[in-house]
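The values are calculated or read from the model by the stated rules, or taken from the named source; none is laboratory data. Not measured: the values here are computed from a predicted model. Virtual Cβ from ideal backbone geometry, glycine too; neighbours counted across all protein chains shown. Only protein heavy atoms, including side chains, enter the accessible area calculation; ligands, DNA and RNA are left aside. Shrake-Rupley method; radii C 1.70, N 1.55, O 1.52, S 1.80 Å.
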Amino acid sequence: MSIRLVRCIGQGTHGRVFLAHVEDNAAPIVLKRIALRARSGGMATCCMRELYALKELQHPNIVACLGLFTGVDHAFLALEHVAFDLERLLRSTHGLYVMHVRSLTYQLLRGVLAPLPPPLHTLLSSHAQHNPLSSPPVAAVEHCHAMQYIHRDVKPCNILIDPTGVLKLADFGATNTLSHTRPPAATKTNTNS
């Protein structure tokens, strides 16, 4: 399998985020490059948390994890590409009106798809293949809580919006669980007898 990096689209605490293409696939993907820490003996804890959470939290309104690729000194977490994020929309020249923020916030917190008011509907659906109101209800936060996960980093740049207006929650590196065992990289062991 051949993956071609297109460009860097962001910089996070633990690494860079790239837009990429996989051979014979027209849809782009996102690769989060995470440095492997030799002193810890493996991947950064945040990467393990994100991978563990995304494997269990598969949901239409949570960004999909497509796989993990490891190298000598770094790993790439492959994720679904979603073109828009709320922060970018807030900073755009079009801006968002109070009604847009209310509609999107209602979707995220209540798990109900609300109509997208103009001009946001026009901006997002310019690339859409179908009516945004036919999308499934948004229930990402409710799903996380039902699965005993707490996201802990819900902010505009982690709320992605696909061209049809469906919200997707992203960046699960700070996620904690209420009842599940923690991923192996985050578990401390006592070697003293």
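Listed values, structure above:
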{"quantity": "Residue within region 4-21 that is modelled with pLDDT of 80 or more, open to solvent by less than 60 Å² (accessible area, probe 1.4 Å) and out of contact with any strand residue (DSSP E or B) (no Cβ under 6 Å at 6 or more places or on another chain) present", "calculated": "no"}
{"quantity": "Filter result (closer than 21 Å to residue 19 by Cβ, modelled with pLDDT under 90 and either open to solvent by 50 Å² or more (accessible area, probe 1.4 Å) or not aliphatic (A, V, I, L, M) (or both)) within region 47-66", "calculated": "47, 50"}
{"quantity": "From the options 89, 123, 77, residue that is modelled with pLDDT of 65 or more and part of a helix (DSSP H, G or I)", "calculated": "89"}
